[in-house]
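Asker: After the structure tokens below, expect a handful of questions from me.
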Amino acid sequence: MAERYANFILKWRWLVVIATTVLVLFAASGGRWIEFTTDYRVFFSEENPQLNAFEALQDTYTKNDNVLFVVAPKSGKVFTRESLAGIEWLTNESWQIPYSLRVDSLTNFQHTYATEDDLVVEDLVVDARALDDAALRKIKEVALQEPQLVNRLVSPSGHVSGVNVTIQLPGVDEGREVPEVAAFVRDLAQQVRDNYPDLEVYLTGISMLNNAFPEASKTDMQNLVPLMFLIVILLLALLLRVISGTIVTVLVILFSIVAAMGMTGWLGIRLTPPSSAAPTIILTIAIADCVHILVGFIGAMRAGADKYAAMTESLRINLQPVFLTSITTIIGFMSMNFSDAPPFRDLGNIVAMGVAAAFILSVSFLPAMMMLLPVRISAGQSTGSQVMARFGDFVVRRRTGLFWGMAAVIVFLLAFIPKNELNDVFVEYFDETVDFRRATDFATANLTGIYQIEYSLPAGEAGGINEPAYLNSVERFASWYQEQPETLHVNTISDVMKRLNKNLHGDDPAYYRMPEQRDLAAQYLFLYEMSLPYGLDLNNQINLDKSATRFTVTLKSISSNEILALDQRAQQWLKANAPALQTPAASTSIMFAYIGARNITSMLTGTVLALILISLILVVALRSVKVGLASMIPNLVPAGMAFGLWGIFVGQVGLALSVVIGMTLGIVVDDTVHFLSKYQRARREQGMDAPDAIRYAFTTVGMALWITSLVLIVGFLVLSLSAFELNSSMGLMTALTLALALAADFLFLPPLLMKIEEKRNETDSTRTTADSSSA
């Protein structure tokens, strides 16, 4: 069948080349529909409970998507006329930011004080340049004693301040809206630097996080894919030493990528930083099929065959293993559909389409094109085949030592898997080359954090937030949180109530406490709300019927485990001290804290299913249950060994690494399939014993395995250069897994196969002896 197929492809080579090119161009035309998503929520599925809780919180109050301008005077002093004038100007201009809903800063903070029986509510800073020294000292005194400002909009030492702009996007065209906001605020920040030379401005916040995602995606696609193409061309030219083969392989890779990305557009899949890694992954994987067919083709020509006969023979012996490896790789990537993070589902689907395209092109376009291009190959055995022949002899001779030595290494590394801790720090998804990361690190070190835990604390009835018992419970909860070492700031309505109670008792500090009567609290709150200017109301803290308040805790940059542990302690405190207030936490930090664990759990199902399907395919294809199942050992242990090494040197496993096992399973099987197909062919077609069959497999396919593995490893190492940590760590772990898989296939699989044959021979010998004795 393979021979008939080869004859058809080679006979109608012009038709095949034209037809495949037209199909690729049609698929590629879908590329015009490709969009980049700009919403961090894309990492969470619709059924994600933490996302649903967060959406419910934002539906109750205002959204907390924001841009935070961190204003850092070079003089180290915020409370000067120049610094305050710059902050005042920036505050006023920030209302012009597209989709801005609210602007909070040091200068427009609604300062309250009493004048006889009246409550005065006004901006803390008005016309900063006209302030005298006494006014500056008073502003500084008020600001540094106000809990709603310190560690939120001004540092405790008064050396850094912030302007926080709440953004509410229409959500009609996020691909346009978020970059529009980012471009405007960057221009605004530059105007501050130009007009106020003493001020440096850093940009952080959720909106800037959203914008960092598509920027990271585009940077990776612009930088990493061309770099990988250059490396691949150099490697193929060096290792194959056939110019026409290198050219056709590059065309197959290019066609596979544009076909897959075009289909992405047709299917309406929006690109994210993880899925934008697809071209690099397709590029590396597409090479494997081409190399196996070309190595077989070159080997046959070196043996004296002409072009036509050499390609026919290469397709005859490689069509089945190339098909099997493509299927297993597709299954591995399709298992990523079990991921709880949609971007990884998209990545799996895009790469699966690319692998399918690469298989079709490598068994149609490639052989047809090779017939049309000139090929010059000298006769005689290649140096690579000679090296592999000697290596095969070494493995056969040292099989016992290699078997037990590799087994010991495997067990040793597997023992370190428990050293890995499930952890994610989502700001560290970007490395220090990204502006957002540097700005966020500066903000956390000098002003406030981007990590938050939020609660909607229920009062039990409409107007219940004015109940003194409720307010005191909220205050005690806030005091508990302020004592926690992870906390930077607590924003709660109880601070407003205490300030109002003091104001309406003649600013007597003794009354800086909760009102003792519900009706008084209600009156104070009503009077305050009526005095607030447009855009600075309390809708971001109080729900409409005043039956719940928003309680926001800003944290230092801590890990997902620390966030979950802190929330668990908070829930325990609420249960013991204020059970009526107990409610689940909701925030972006909580969502990212849970996603790693949820993803690992969901991926386990996908990985197990992929393992079962791949095992069945190998058993059927190799026509041996024992060999098929035994071959899964060197396919499974590389990922385990890689995680063991990761546990020794890193010890932190996050969202990206939770998909590595399923993703690499289909890839690492490729080498095993090619090696076993040659081994079985030697056993069945040529009647070789196990050692000679091992030598034959190394001689015929060893060099191809070495080339494809090297290219795959280098490809994923290129991905590890990404500024986006999810792609970087995924690339590094995959490269490590593939390197260990090559070692397992070269040093552990052959001794394992020979040991299986020895056991079978011993069993057959024992059975024969028993039969002779009974006779």
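Asker: Return yes or no: is ASP507 at pLDDT below 95, touching a strand residue (DSSP E or B) at 6+ places or on another chain (Cβ under 7 Å) and of a type in the set (Asp, Glu)?
Answerer: For ASP507, the condition - at pLDDT below 95, touching a strand residue (DSSP E or B) at 6+ places or on another chain (Cβ under 7 Å) and of a type in the set (Asp, Glu) - is met.
Asker: Another question about this same structure. Return a yes/no flag: does the stretch 100-114 have any residue that is out of contact with any strand residue (DSSP E or B) (no Cβ under 7 Å at 6 or more places or on another chain), crowded, with 18+ Cβ neighbours inside 10 Å and touching a residue at least 60 places away in the same chain (Cβ under 8 Å).
Answerer: Checked against the condition, which is being out of contact with any strand residue (DSSP E or B) (no Cβ under 7 Å at 6 or more places or on another chain), crowded, with 18+ Cβ neighbours inside 10 Å and touching a residue at least 60 places away in the same chain (Cβ under 8 Å), the stretch 100-114 yields no hits at all.
Asker: Among the residues of the stretch 141-150, write down those that are surrounded by fewer than 18 Cβ atoms within 10 Å (Cβ to Cβ) and touching a Gly at 6+ places or on another chain (Cβ under 9 Å).
Answerer: Matches in the stretch 141-150: LEU144 only.
Asker: Of the residues in the stretch 560-582, how many are closer than 21 Å to PRO49 by Cβ, in a loop (DSSP other than H, G, I, E, B) and in contact (Cβ under 8 Å) with a residue 12 or more places away in the chain?
Answerer: 0
Rundown of residues vs (1) among the aliphatic types (A, V, I, L, M); (2) without any contact (Cβ under 8 Å) to a residue 24 or more places away in the chain; (3) in a helix (DSSP H, G or I), yes/no style:
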site	(1), (2), (3)
PRO584	no, no, no
ILE590	yes, no, yes
GLY606	no, no, yes
LYS626	no, no, yes
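Asker: For ALA277, are the conditions met, namely being open to solvent by less than 10 Å² (accessible area, probe 1.4 Å), touching a Ser or Thr at 6+ places or on another chain (Cβ under 9 Å) and part of a helix (DSSP H, G or I)? Before you say what the answer is, go through the steps one by one.
Answerer: On the way: open to solvent by less than 10 Å² (accessible area, probe 1.4 Å): yes; touching a Ser or Thr at 6+ places or on another chain (Cβ under 9 Å): yes; part of a helix (DSSP H, G or I): yes.
Against the criterion (open to solvent by less than 10 Å² (accessible area, probe 1.4 Å), touching a Ser or Thr at 6+ places or on another chain (Cβ under 9 Å) and part of a helix (DSSP H, G or I)), ALA277 qualifies.
Asker: Here's a follow-up. Which number in (1) at pLDDT 85 or above; (2) surrounded by 20 or more Cβ atoms within 10 Å (Cβ to Cβ); (3) over 23 Å from ALA630 (Cβ atoms) marks the one condition that GLY654 misses?
Answerer: Condition (1) is where GLY654 drops out.
Asker: Give the residues of the stretch 54-78 that are in contact with a helix residue (DSSP H, G or I) (Cβ under 9 Å, 6 or more places away or on another chain) and surrounded by 20 or more Cβ atoms within 10 Å (Cβ to Cβ), sorted by residue number.
Answerer: Passing the criteria: PHE54, ASN64, ASP65, ASN66, VAL67, LEU68, PHE69, VAL70, VAL71, ALA72, PRO73, VAL78.
Asker: I'd like the residue in the stretch 305-325 that is aliphatic (A, V, I, L, M) and part of a helix (DSSP H, G or I) and, out of all such residues, is surrounded by the most Cβ atoms within 10 Å (Cβ to Cβ).
Answerer: Among them, the one singled out is MET311.
Asker: Can you go through PRO374, PRO367 and tell me which one is of a type outside the set (A, V, I, L, M, F, W, C) and either open to solvent by less than 30 Å² (accessible area, probe 1.4 Å) or without any contact (Cβ under 8 Å) to a residue 24 or more places away in the chain (or both)?
Answerer: Just a single option satisfies the conditions, and that option is PRO367.
Asker: Still on this structure: Does any residue in the stretch 156-180 that is open to solvent by 40 Å² or more (accessible area, probe 1.4 Å) come within less than 6 Å, Cβ to Cβ, of a residue that is part of a loop (DSSP other than H, G, I, E, B) and of a type in the set (Asp, Glu) six or more places away or on a different chain, and which pairs are these?
Answerer: Taking only residues 6 or more apart or on different chains, the pairs are GLU174/ASP39; GLY175/GLU35.
Asker: Checking ALA439 against (1) in contact with a Leu (Cβ under 8 Å, 6 or more places away or on another chain); (2) within 29 Å of PRO73 (Cα to Cα); (3) surrounded by fewer than 17 Cβ atoms within 10 Å (Cβ to Cβ): exactly one of these is not met. Which one?
Answerer: Evaluating ALA439 over (1) in contact with a Leu (Cβ under 8 Å, 6 or more places away or on another chain); (2) within 29 Å of PRO73 (Cα to Cα); (3) surrounded by fewer than 17 Cβ atoms within 10 Å (Cβ to Cβ) leaves (3) as the failure.
Asker: Among the numbered criteria (1) surrounded by fewer than 20 Cβ atoms within 10 Å (Cβ to Cβ); (2) closer than 21 Å to PHE430 by Cα; (3) in contact (Cβ under 8 Å) with a residue 24 or more places away in the chain, which single criterion is violated by ARG186?
Answerer: Answer for ARG186: the failing condition is (3).
Asker: Identify all residues within the stretch 332-347 that are under 17 Å from LEU616 (Cα atoms) and surrounded by fewer than 23 Cβ atoms within 10 Å (Cβ to Cβ); write none if there are none.
Answerer: Answer for the stretch 332-347, where residues must be under 17 Å from LEU616 (Cα atoms) and surrounded by fewer than 23 Cβ atoms within 10 Å (Cβ to Cβ): just MET334.
Asker: Checking ASP340 against (1) in contact with a Lys or Arg (Cβ under 7 Å, 6 or more places away or on another chain); (2) not in a loop (DSSP other than H, G, I, E, B): exactly one of these is not met. Which one?
Answerer: The failed condition is (2).
Asker: Among (1) more than 30 Å from ILE257 (Cα to Cα); (2) of a type in the set (Phe, Trp, Tyr); (3) open to solvent by less than 10 Å² (accessible area, probe 1.4 Å), there is one condition TYR40 misses while meeting the rest; what is its number?
Answerer: Result: TYR40 passes all but (1).
Asker: Under the condition of being of a type in the set (A, V, I, L, M), in a helix (DSSP H, G or I) and out of contact with any Leu (no Cβ under 7 Å at 6 or more places or on another chain), which residue from the stretch 657-688 is most open to solvent (accessible area, probe 1.4 Å)?
Answerer: ILE661
Asker: Then there is this: Sort out which residues of the stretch 194-211 are of a type outside the set (Asp, Glu), part of a loop (DSSP other than H, G, I, E, B), open to solvent by less than 60 Å² (accessible area, probe 1.4 Å) and over 19 Å from PRO273 (Cα atoms), and write them in order of number. Let's see the steps before the verdict.
Answerer: Step one: list which residues in the stretch 194-211 are of a type outside the set (Asp, Glu), which gives 195-197, 199, 201-211.
Add one more test, that the residue is part of a loop (DSSP other than H, G, I, E, B), and what stays is 196-197, 205.
Checking which are open to solvent by less than 60 Å² (accessible area, probe 1.4 Å) leaves us with 196, 205.
The answer is TYR196, and nothing else.
Asker: Against the conditions (1) assigned to a helix (DSSP H, G or I); (2) touching an Asp or Glu at 6+ places or on another chain (Cβ under 9 Å); (3) hydrophobic (A, V, I, L, M, F, W, C); (4) open to solvent by 10 Å² or more (accessible area, probe 1.4 Å), where does ALA621 fall short? Just the number, please.
Answerer: So the condition that ALA621 fails would be (2).
Asker: Moving on. Select, from GLU432, GLU428, the only residue that is touching a helix residue (DSSP H, G or I) at 6+ places or on another chain (Cβ under 7 Å) and part of a helix (DSSP H, G or I).
Answerer: On inspection, the qualifying residue turns out to be GLU428.
Asker: Out of everything in the stretch 76-102 that is aliphatic (A, V, I, L, M) and at pLDDT 95 or above, what residue ends up being nearest to the chain's Cα centre (by Cα)?
Answerer: Once the filter is applied, the top-ranked residue is ILE97.
Asker: Hey, another quick one. Using beta carbons and a limit of 8 Å, which pairs, at least six apart or on different chains, have the first residue in the stretch 12-26 and surrounded by 14 or more Cβ atoms within 10 Å (Cβ to Cβ) and the second one not aromatic (Phe, Trp, Tyr) and not in a helix (DSSP H, G or I)?
Answerer: VAL16/SER364; THR20/SER364
Asker: Given the condition within 26 Å of THR440 (Cβ to Cβ) and assigned to a helix (DSSP H, G or I), answer yes or no: does some residue in the stretch 155-169 qualify?
Answerer: So far as the stretch 155-169 goes, no, none of its residues is within 26 Å of THR440 (Cβ to Cβ) and assigned to a helix (DSSP H, G or I).
Asker: Answer yes if at least one residue in the stretch 365-382 is under 37 Å from the mean Cα position of the chain (by Cα), of a type outside the set (D, E, K, R) and closer than 28 Å to PHE746 by Cβ, and no otherwise.
Answerer: The answer is yes, given that some residue of the stretch 365-382 is under 37 Å from the mean Cα position of the chain (by Cα), of a type outside the set (D, E, K, R) and closer than 28 Å to PHE746 by Cβ.
Residue-wise test of (1) closer than 30 Å to GLY628 by Cα; (2) surrounded by 20 or more Cβ atoms within 10 Å (Cβ to Cβ); (3) at pLDDT 85 or above; (4) over 26 Å from the mean Cα position of the chain (by Cα).
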| site | (1), (2), (3), (4) |
| --- | --- |
| ARG569 | no, no, yes, yes |
| GLN572 | no, no, yes, yes |
| LEU581 | no, yes, yes, yes |
| SER589 | no, yes, yes, no |
| ALA597 | no, no, no, no |
| MET603 | yes, yes, no, no |
| THR607 | yes, yes, no, no |
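Asker: Report yes if some residue within the stretch 401-417 is crowded, with 18+ Cβ neighbours inside 10 Å and not in a helix (DSSP H, G or I); otherwise report no.
Answerer: Yes, the stretch 401-417 has at least one match.
Asker: If a residue has to be of a type in the set (Val, Ile, Thr) and not in a helix (DSSP H, G or I) to count, how many in the stretch 689-728 make the cut?
Answerer: So the count comes out to 0.
The values are calculated or read from the model by the stated rules, or taken from the named source; none is laboratory data. All figures in this text were calculated on a predicted structure; none of them were measured in a lab. Neighbour counts run over all protein chains shown; Cβ positions are idealised from the backbone, glycine included. Surface areas here come from the heavy atoms of the whole protein model, side chains and all, with no ligands, DNA or RNA. Shrake-Rupley method; radii C 1.70, N 1.55, O 1.52, S 1.80 Å.
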